[in-house]
Amino acid sequence: MLAFALALASSLILPNKQAKLIPLYYQIVLGAFIVFLSVNCVIGLRSAKHAAKFFPKGQLFFALGLLFFAWDFFSAKTAIMPLPFYPGPTQIVQEAVADYKILLISSAHSLRLFALGFSSGIILGISTGILISWYERWNYWLFPVIRVIGIIPAVALIPIAMGIFPSSLMVGSFLITMCLWFPIAYMTRSGIANINKAYFETARTLGANESWLIWRVAVPGALPSIFTGVSTGIALSFATLVVSEMVGARAGLGWYLNWAKGWSVYSKVYASIFVMGIEFALILRGVGAIQSKLLAWQKGLVK
Amino acid sequence: MNPRIDLKNVSRVYSDANGTPFTALHDVSLSVEKGEFVSIIGPSGCGKTTLLRLVAGLDLPQAGTVSLDGEQIKGPSYERGYVFQHVNLFPWLTVQENISSGLKARGIFKSRKDDVPAFIKLAGLEGFEKSYPHQISGGMAQRASLARALINDPKVLLLDEPLGALDSFTRFALQDIILELWEQRGATMLFVTHDVDEAIYLSDRIVIMTPRPGEVSEIVEVKLARPRLRNDAMFFALRSSIMEKLHLVGSRRQPEYFL
Ligand SMILES: Nc1ncnc2c1ncn2[C@@H]1O[C@H](COP(=O)(O)OP(=O)(O)OP(=O)(O)O)[C@@H](O)[C@H]1O
Ligand SMILES: [Mg+2]
C-alpha cells in the first residue's frame, strides 16, 4: 500500500516531461489498488483466515507498487526511457481508456474464437483418446497420425487453413482446435492406459456395460491426465490465437496489436498486451476452477 | 433360486515374466451346492484368487469347464458379486456413490435409491457417506466394498479375503454380519481366507488347496451346529486337524520339557 501511495504521490507531484498526458486515469488505477489493499488489510485484521491468505502476498504487492513507481519515474517523469518504444504507465492507461470500446470488442472477438476452438478441441481430443484406447483398430491407424501431427506447431498450418476455410473465425478456431486436440487425445489415451485394471473388472462384476466402463470408469480415471493435456494445449493455443489473429483476422486482440504496431502507437501495443495478459489469466483461472472442482477427490491423495 | 457352481478338471496356466509357463491351477474339480457356504484355504500362491476369478468370469480356463447350474460361465455378471482381495473402491467416487455404483451401472438406481442408506448402515459407514476412499480407514474401505457387492443382491458371492486387513474385533463382528446376510438371503458363497478359525466358524465345507501346481488336496466338512462357538472343544479338534493337513503343526520339534 505504501509503495502504491508513493507511486501515486510521485505521479501527482512530479511534473511530466513527456507532453500531452492525462494522468487522471493512471491515478485512478493506482487509487483502486490502494483501496483494494486497504480493504483487504481491514478484513485481514478482523479475520485470521483472510489474513493468512492475504498477508503473505504483502511483499509482492509492495514490489508491484515500486515497479509502477520506477516505471513512471523513468519514463514519464524523467524520460530516461525514450519514446516511442517505452511509454509510461500513465500513457498506456490513458490509451486503454481512450480505446476501450475497440479493446472490449477485440477481447470479445478473441474470446469467441477461443471458446469455439477450445470446446471443439476438448470434445475431439477426449473422443479421439477414448476411441484409440478402446479399439485396437483405431489405435493402429490414428495413434501414429497423432504422434506426427502433434509435433507440428499449429501456426505452421495457417497457410493451409486460410486456403481451406472461408472465414478468419473458422481459420482461428481450427488452429486452436488443433492445438488442443492432439495433446488431449494423447493424454487421454495414456491416462486410460494407466488406470488399474481392477477398476474395470470390478465394474464388470457390478453389471456395467461398455458405455458405463467408458464414461464412469475410463474417463473419470483418466481425468487428471486429461487436464495435463488441456494445460499443455492451452498454453499453445494462446500463442496460436494471437498469431492467427495477427495474420488473417480483421478483429480480435491480435489484430488490434498488429494494427497499433502498424501505426507505431506503442502505448496501444502495450495496452493490448496487458488486456491479453488479463484475459488469458482469467481463462486459466476458469479452467483451474473447473479442474479443482472435478478433481476434488484427489485432494489429499496426491500432492 | 441360488445356483450351484461346478468346476470340472479346470486348469489355468499363466506365463510368467520370462514367458515360461506357470500352472496356477491344475486339474481342479469342485462343486458348490445351492446356497452352500464353502471356504477355500491354502498357502499364498496356491491359486485361490485364480479360482475365484474363473467363477466370476473375469478369466477363462484353458482346460475344463466352470459352470453355473450346468451353464458354462462366459463372462462377469452382477449376479456373481465379487469382493476383491485388494480393496478397490473407485477413488473418484464418494463412499455413498461407490456403494450405489452397482445400481447405477445396471441402470436401476432411480427405483432402488432408497435402499442405499440401509447398506451404508450395514457397513457401519454412517457419517462417512460423502468421504472419498482415501479419507477412510482400511477396515472401513473393506466394509464399503462388501456393501458395494451386496447391494446388487447377488445369487453367488465370491469373497477374496474380505476381512484380511481387519483387527480381530472388527473381524468377528463382520463374520457375524456375513453369516447373518447369508442366512437371510441364502446366496451361494465361495470365501477365500488365510484364517483357519474363520473358515471353521463360517463354512459348511472347507477346501484345502496346495501350491505348485495349485490343486485341491482335501475337502473337510464342518459338521458343527450353528450358531457356532469359537471356543468349543469340537471346534478346537477340527482346527488342529486342519492345521495338520496344512502342515502348520506337527512338523515342529516337540518341546523338551513341560511346565
Ligand atoms: N496374471 C497373472 N500372470 C502371471 N501369473 C499369475 C497371474 N495371476 C496369478 N499368477 C500366478 O498364479 C499363482 C496363483 O496366484 P493366485 O493369485 O491365485 O494365488 P492366491 O492363492 O490367491 O495367493 P494369495 O493367498 O497370496 O492371494 C501365483 O503363483 C501367481 O504368481
Ligand atoms: Mg489371492
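The values are calculated or read from the model by the stated rules, or taken from the named source; none is laboratory data. Every value quoted in this text rests on a predicted model; they were computed, and no experiment measured them. FYI the Cβ positions are ideal-geometry reconstructions off the backbone, even for glycines, and counts take in every protein chain you see. Surface areas here come from the heavy atoms of the whole protein model, side chains and all, with no ligands, DNA or RNA. Shrake-Rupley method; radii C 1.70, N 1.55, O 1.52, S 1.80 Å.
Of all residues in the stretch B:35-83, those satisfying the criterion of being hydrophobic (A, V, I, L, M, F, W, C), touching an Asp or Glu at 6+ places or on another chain (Cβ under 6 Å) and within 14 Å of chain A (Cβ to nearest Cβ) are B:Leu52, B:Leu58. Applying a threshold of 6 Å to beta carbon distances and a minimum spacing of six or more residues, or different chains, the list of pairs starting in the stretch A:207-220 at a residue that is within 20 Å of B:Arg80 (Cβ to Cβ) and ending at one that is open to solvent by less than 70 Å² (accessible area, probe 1.4 Å) and among the basic types (Lys, Arg) reads A:Gly207/B:Arg106. Residue-level check: of (1) assigned to a helix (DSSP H, G or I); (2) open to solvent by 60 Å² or more (accessible area, probe 1.4 Å); (3) over 21 Å from A:Ile122 (Cα atoms), A:Leu257 misses just (2). Can you pull out the residues in the stretch B:154-178 that are more than 14 Å from ligand 1 (Cβ to nearest atom) and either within 14 Å of chain A (Cβ to nearest Cβ) or in contact (Cβ under 8 Å) with a residue 60 or more places away in the chain (or both)? Within the stretch B:154-178, B:Pro154, B:Lys155, B:Val156, B:Leu157 meet the criteria. Among the residues that make up the stretch B:1-11, is at least one of them within 16 Å of ligand 2 (Cβ to nearest atom) and away from chain A (no Cβ under 14 Å)? The answer is no, given that none of the residues of the stretch B:1-11 is within 16 Å of ligand 2 (Cβ to nearest atom) and away from chain A (no Cβ under 14 Å).
Kindly check whether there is at least one residue in the stretch B:97-105 that is within 14 Å of chain A (Cβ to nearest Cβ), under 25 Å from B:Gly164 (Cα atoms) and surrounded by fewer than 22 Cβ atoms within 10 Å (Cβ to Cβ). So far as the stretch B:97-105 goes, yes, one or more of its residues are within 14 Å of chain A (Cβ to nearest Cβ), under 25 Å from B:Gly164 (Cα atoms) and surrounded by fewer than 22 Cβ atoms within 10 Å (Cβ to Cβ). Condition test on B:Ile200, is it open to solvent by 40 Å² or more (accessible area, probe 1.4 Å), touching a residue at least 40 places away in the same chain (Cβ under 8 Å) and more than 16 Å from ligand 1 (Cβ to nearest atom)? Spelling it out, it is not the case that B:Ile200 is open to solvent by 40 Å² or more (accessible area, probe 1.4 Å), touching a residue at least 40 places away in the same chain (Cβ under 8 Å) and more than 16 Å from ligand 1 (Cβ to nearest atom).
Just one residue in the set B:Val55, B:Val83 is open to solvent by less than 20 Å² (accessible area, probe 1.4 Å), within 16 Å of ligand 2 (Cβ to nearest atom) and more than 18 Å from B:Val10 (Cβ to Cβ); that residue is B:Val83.
To keep it simple, each residue is scored yes or no on (1) open to solvent by less than 10 Å² (accessible area, probe 1.4 Å); (2) away from ligand 1 (no atom under 11 Å from the Cβ); (3) not charged (D, E, K, R).
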{"site": "B:Met1", "(1), (2), (3)": "no, yes, yes"}
{"site": "B:Asp6", "(1), (2), (3)": "no, yes, no"}
{"site": "B:Val13", "(1), (2), (3)": "no, no, yes"}
{"site": "B:Asp16", "(1), (2), (3)": "no, no, no"}
{"site": "B:Pro21", "(1), (2), (3)": "no, no, yes"}
{"site": "B:Leu30", "(1), (2), (3)": "yes, yes, yes"}
{"site": "B:Gly42", "(1), (2), (3)": "yes, no, yes"}
{"site": "B:Cys46", "(1), (2), (3)": "yes, no, yes"}
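For the stretch B:191-201, the condition of being β-branched (Val, Ile, Thr), in contact with a Phe, Trp or Tyr (Cβ under 7 Å, 6 or more places away or on another chain) and part of a helix (DSSP H, G or I) holds for at least one residue. Sort out which residues of the stretch B:106-145 are outside any helix (DSSP H, G or I) and open to solvent by less than 40 Å² (accessible area, probe 1.4 Å), and write them in order of number. Selection gives B:Ala123, B:Gly124, B:Leu125, B:Ser131, B:Ile136. Out of curiosity, is A:Ala198 open to solvent by less than 40 Å² (accessible area, probe 1.4 Å), over 21 Å from the mean Cα position of the chain (by Cα) and of a type in the set (Gly, Ala, Ser)? Considered against the rule, which asks whether it is open to solvent by less than 40 Å² (accessible area, probe 1.4 Å), over 21 Å from the mean Cα position of the chain (by Cα) and of a type in the set (Gly, Ala, Ser), A:Ala198 comes out as yes.
Take the conditions within 11 Å of chain A (Cβ to nearest Cβ) and either within 15 Å of the chain's Cα centre (by Cα) or more than 28 Å from A:Leu301 (Cα to Cα) (or both) and apply them to B:Pro133. Does it pass? For B:Pro133, the condition - within 11 Å of chain A (Cβ to nearest Cβ) and either within 15 Å of the chain's Cα centre (by Cα) or more than 28 Å from A:Leu301 (Cα to Cα) (or both) - is not met.
Pick from the stretch A:202-211 the residues that are open to solvent by 30 Å² or more (accessible area, probe 1.4 Å) and touching a helix residue (DSSP H, G or I) at 6+ places or on another chain (Cβ under 9 Å): which of them is nearest to the other protein chains (Cβ to nearest Cβ)?
Going through the stretch A:202-211, the residues open to solvent by 30 Å² or more (accessible area, probe 1.4 Å) turn out to be A:204, A:209-211.
Subsequent filtering for residues that are touching a helix residue (DSSP H, G or I) at 6+ places or on another chain (Cβ under 9 Å) retains A:204, A:209-210.
Values: A:Arg204: 4, A:Asn209: 8, A:Glu210: 11 Å.
Per the stated criteria, the residue is A:Arg204.
Of the residues that make up the stretch B:146-153, is at least one part of a loop (DSSP other than H, G, I, E, B), within 12 Å of chain A (Cβ to nearest Cβ) and open to solvent by less than 20 Å² (accessible area, probe 1.4 Å)? The answer is yes; a qualifying residue exists.
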